[in-house]
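Here the structure is laid out as structure tokens; the discussion comes afterwards.
The values are calculated or read from the model by the stated rules, or taken from the named source; none is laboratory data. Values in this document were obtained by computation on a predicted structure and should not be read as measured data. Glycine gets a Cβ as well: all are built from the backbone with ideal geometry, and neighbour counts include every protein chain shown. Each accessible area value is taken on the protein alone, full model and side chains, heavy atoms only, with ligands, DNA and RNA left out. Shrake-Rupley method; radii C 1.70, N 1.55, O 1.52, S 1.80 Å.
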Amino acid sequence: MARDNAKAMDRRKFFGAVGGASSVAVAAAVSPLTATVAQAYDPGAEESKSRYRETEHVKTFYRTNGYETVRK
Amino acid sequence: MARMKFLCDADRCIECNACVTACKNEHEVPWGINRRRVVTLNDGKPGERSISMACMHCTDAPCAAVCPVNCFYTTADAVVLHSKDLCIGCGYCFYACPFGAPQYPRVGNFGSRGKMDKCTYCAGGPEADLSTAEYEKYGSNRLAEGKLPLCAEMCSTKSLLAGDGDVIAQIYKERVVRRGYGSGAWGWKTAYRETVAI
């Protein structure tokens, strides 16, 4: 019985040691101190470039919404 | 560089909801989402006013300020867009927006609302211009086609103006000089933080 207890203790010590070591490793891996700094979303120059062009279509919109047509 | 803006001339809006319908049809907006809505104040009473509302593409957008995943960006045309690939549907932007612009495809709690959807000023999203992927997520990209938002283009009473802020401000000013000052350029001060000197 005493021998069984000793065995059990050994096993506990073993798992304690393994668990302790692995938890330290996990903590180091997920620690905010070691994590990379969050980056704001940068869509890039192509996605955020200007798409507006004053085409004939757009000019017609401006003309018909103003009083230009009333004056003529 | 031209700055894109919306201006609703509330003296002219007749609450026909054509802008709402045009938007839904043009972008095949999912069921339950309205990127644009017409709000009527003092309904049925003297001084009733209707205002067509959507995302006002704010200068200092509060939705972008509160987004935990930074999915918003502002284009060179001053149009506020977002990436649906990054959006987690948390709903913070909905609470931050003074115009109630952000919409969600489903009803639910944090994360189960689905990706946020809002007016793109008919300018698509971060995907390649006029691509199928862009259309499926954000709708059509009329700005890339050399056009303006359809809601404004098909407004029958010319109430809803869109385009270069300087040009539409001039159009509105011209109207005010001719007919007198009425409802004001609703939402401009809130969205663009500019002094409307009319």
#### Entry: Rounded to 10°, Cα long-axis angle of helix B:165-179 versus longest principal axis of chain B
30 degrees
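How much length would be gained if the chain were fully extended between B:ARG3 and B:ASP129, taking 0.36 nm per residue of separation minus their Cα-Cα distance, in nm to one decimal? List each step's numbers first, then the result.
Working: separation 126, 0.36 × 126 = 45.36 nm, distance 1.94 nm.
Gain on extension, B:ARG3 to B:ASP129, equals 43.4 nm.
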### Task
Please express the Cα-Cα pair-distance distribution P(r) of the range B:21-76 as a list of whole percents, one per 10 Å bin, running from 0 to the bin with the greatest distance.
18, 31, 38, 12, 2
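After finding the eigenvalues of the alpha carbon gyration tensor for the range B:1-132, what semi-axes result from the square roots of 5 times each, listed largest first in whole Å?
Taking √(5λ) for each Cα gyration eigenvalue gives 25, 18, 15 Å.
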### Summary
Taking a probe of 1.4 Å and leaving out DNA, RNA and ligands, the range B:26-65 shows per residue an accessible area in Å² of 52 Å²
### Query
If the chain between B:CYS16 and B:VAL69 were fully stretched, how many nm would it gain, using 0.36 nm times the residue separation less the Cα-Cα distance?
15.3 nm
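From other protein chains only, count the Cβ atoms within 10 Å of every residue's Cβ in B:61-68, then give the mean. Provide the component values of the computation, followed by the final result.
On the way: counts 0, 0, 0, 2, 0, 0, 2, 1.
Going residue by residue through B:61-68 and averaging, the value is 1.
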### Query
Mind listing which trypsin sites (Lys or Arg not before Pro) in the range B:129-198 are in a DSSP loop and have 11 or fewer other Cβ atoms within 10 Å?
B:ARG193
### Summary
As straight-line cross-link partners of B:LYS45, the qualifying aspartates and glutamates (C-alpha separation under 20 Å, not fewer than 8 residues apart within one chain) are B:ASP9, B:ASP11, B:GLU15
#### Entry: Average accessible surface area per residue within the range B:81-198, 1.4 Å rolling probe, Å²
44 Å²
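Using heavy-atom solvent-accessible surface (probe 1.4 Å) with all chains present, what is the largest-first order of B:THR59, B:THR40?
The most accessible residue leads, giving B:THR59, B:THR40.
Pull out a ≥ b ≥ c, the square roots of the eigenvalues of the alpha-carbon gyration tensor of the range B:84-198, then state rounded if a/c is under 1.5, prolate if not and a/b is larger than b/c, and oblate in the remaining case.
Oblate, because a/c is 1.5 or more while a/b does not exceed b/c.
FRET efficiency for B:ASP60 and A:THR64, Cβ-Cβ distance as r, R0 = 30 Å, nearest 0.05? Numbers along the way, then the final one.
Details: r = 32 Å, r/R0 = 1.08.
Efficiency, from the Cβ-Cβ distance: 0.40.
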### Task
Could you list the GluC sites (Glu not before Pro) in the range B:1-88 that lie in coil according to DSSP, counting only those with at most 10 other Cβ atoms within 10 Å of their Cβ?
B:GLU28
### Summary
Checked against the positive end of the charge dipole of the range B:1-147 (+1 on Cβ of Lys and Arg, -1 on Cβ of Asp and Glu, about the Cα centre), the farthest of B:TYR135, B:ILE88, B:MET1 is B:ILE88
### Query
Taking chymotrypsin sites (Phe, Trp or Tyr not before Pro) that fall in a DSSP loop and have at most 13 other Cβ atoms within 10 Å as cut points, what is the longest piece of chain B between them?
B:32-109
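Mean residue ellipticity at 222 nm from the helices of chain B, using -39,500 (n - 2.57) per DSSP H segment of n ≥ 4 over the full residue count, to the nearest 500 deg cm²/dmol?
Working: 7 runs with 51 residues, N = 198.
Rounded to the nearest 500, the figure is -6500 deg cm²/dmol.
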### Message
Which residue, B:ALA152, B:GLY184, B:THR120, has the largest displacement toward the positive end of the dipole of the range B:82-198 when charges sit on each Cβ (Lys, Arg +1; Asp, Glu -1)?
### Response
B:GLY184
### Summary
Simple SL model, points at 7 angstrom along Cα→Cβ for B:ARG106 and B:ALA76; separation in nm is 3.9 nm
### Task
Any lysines with Cα under 21 Å of the B:LYS147 Cα? List them, leaving off those in the same chain fewer than 8 positions away.
A:LYS49, A:LYS59, B:LYS5, B:LYS24, B:LYS118, B:LYS137, B:LYS158
## Note on the structure
In order over the range B:134-139: 3J(HN,Hα) from phi, Karplus 6.51/-1.76/1.60, θ = phi - 60°, whole Hz, x for each Gly or Pro, gives 5, 5, 5, 8, 10, x
### Task
Can you pull the one-decimal nm distance between simple spin-label points at B:ASP85 and B:ASP43, each 7 Å off the Cα toward Cβ?
4.2 nm
### Query
So which residues in the range B:148-168 end up with at least 30 square angstrom less accessible surface once the other protein chains are there, compared with the chain by itself, probe 1.4 angstrom?
B:LEU148, B:GLU153, B:LYS158, B:VAL167
### Query
Taking Cα atoms, how many degrees apart are the long axis of helix B:18-27 and the longest axis of chain B, rounded to 10 and kept between 0 and 90?
30 degrees
### Query
From the backbone phi of the range A:46-59, what are the Karplus-calculated ³J(HN,Hα) couplings (6.51 cos²θ - 1.76 cosθ + 1.60, θ = phi - 60°) in whole Hz, Gly and Pro given as x?
5, 6, 9, 5, 6, 10, 6, 9, 7, 7, 4, 4, 5, 4
### Task
Report the charge-dipole magnitude of chain B in Debye, nearest 20, computed about the Cα centre from +1 at each Lys and Arg Cβ and -1 at each Asp and Glu Cβ.
540 debye
### Query
Applying 1/(1 + (r/R0)^6) with R0 = 41 Å to the Cβ-Cβ distance of B:TRP31 and A:ALA45, what FRET efficiency is obtained, to the nearest 0.05?
0.70
### Summary
In square angstrom to the nearest 100, the accessible surface buried at the B/A interface, both sides summed with a 1.4 Å probe, amounts to 2500 Å²
